[in-house]
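All of the numbers you see were taken from the coordinates with simple rules; none came from a lab. Predicted, not measured: the structure shown is a model, and the values here were computed from it. Cβ sites come from the backbone with ideal geometry, for glycine too, and all protein chains shown count toward neighbours.
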Amino acid sequence: MSSFNIAMKKDSKLIELLEKIDKRRSYYLYIASCYFTIEGATKLLDRLYDTFKLDEVEIYIDKKSALKIGQKALQVWQDDYEGLTLYTVSHAGLFHSKAFALVRYDDNEEVVGGSLVVGSANLTGNGISSKFGNIECLLSTQEVTEISDFVESLEELDWKELCKLETF
């Protein structure tokens, strides 16, 4: 089942949509965002780490956002979070995705549960945490096939780990 929401107080709404899961379980967190700020990402990640049991976190951002912030600043930020890996995505245009997924895997690394929220919210202060920033539309689902398709689509991207940002 999917649900659609207009989110004014975004970080609370995003977490509310994501938490339609069994919170006793551990999850992988995947975030894809075109625009990214350390401030916005920090506010959201701190809330997510406090709310959910996270085994690993993967964040995919557009290489232009990463280059604007700088590899060194992003590396220092990434090192503050255990299990976090930041990837930069290269594309001729703009990597314009905005999605947040909590994914539970079985022993065979098959997706068996979770929650996926897709919408217009970037991983920035105005996109995620500001009450007075952008108005964001969010669509959520707990359908395993849709969650699995999202994770598979991340694997198909032209991405590099943060340490290789300058090679783009």
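Here are some pairs, Lys43/Lys72; Lys20/Lys68; Lys68/Lys98; Lys53/Lys160; which of them have Cα atoms lying more than 30 Å apart in this structure? Too far apart for the 30 Å limit: Lys20/Lys68.
Give me the base-10 log of I(q)/I(0) for the stretch 20-148 at each q in 0.09, 0.14, 0.16, 0.21 Å⁻¹, Debye formula, one uniform scatterer per Cα, rounded to two decimals. Cα-only, vacuum Debye calculation for the stretch 20-148: -0.25, -0.62, -0.82, -1.35.
Spin-label pair Glu146-Asn126: with each label point 7 Å from Cα along the Cα-Cβ axis, the two points sit 2.8 nm from one another. Between Asp22 and Tyr49, the modelled labels are 2.6 nm apart [label points 7 Å from Cα along Cα→Cβ].
Within the stretch 46-107, the GluC sites (Glu not before Pro) that combine a DSSP coil assignment with at most 12 other C-beta atoms in a 10 angstrom radius are Glu82. With R₀ fixed at 41 Å, the C-beta to C-beta distance from Cys137 to Ile69 puts the FRET efficiency at about 0.95.
Here the chain carries DSSP beta bridges of which approximately 65% are antiparallel, counting only pairs with both residues inside. A simple charge model with +1 on the Cβ of Lys and Arg, -1 on the Cβ of Asp and Glu and nothing else charged puts the dipole of the stretch 10-62 at about 280 debye relative to its Cα centre.
Relative contact order of the chain: 34 percent, from C-alpha pairs under 8 Å at least 6 residues apart in sequence. The overall shape of the stretch 90-168 is oblate: from the C-alpha gyration tensor, with semi-axes ordered a ≥ b ≥ c, the ratio a/c is 1.5 or greater and a/b is no larger than b/c. For the stretch 20-80, the set of trypsin sites (Lys or Arg not before Pro) satisfying both a DSSP loop assignment and a count of at most 12 other C-beta atoms within 10 Å is given as Lys23, Arg24. Taking label points 7 Å from Cα along the Cα-to-Cβ direction, Asp106 and His91 give a separation of 3.2 nm.
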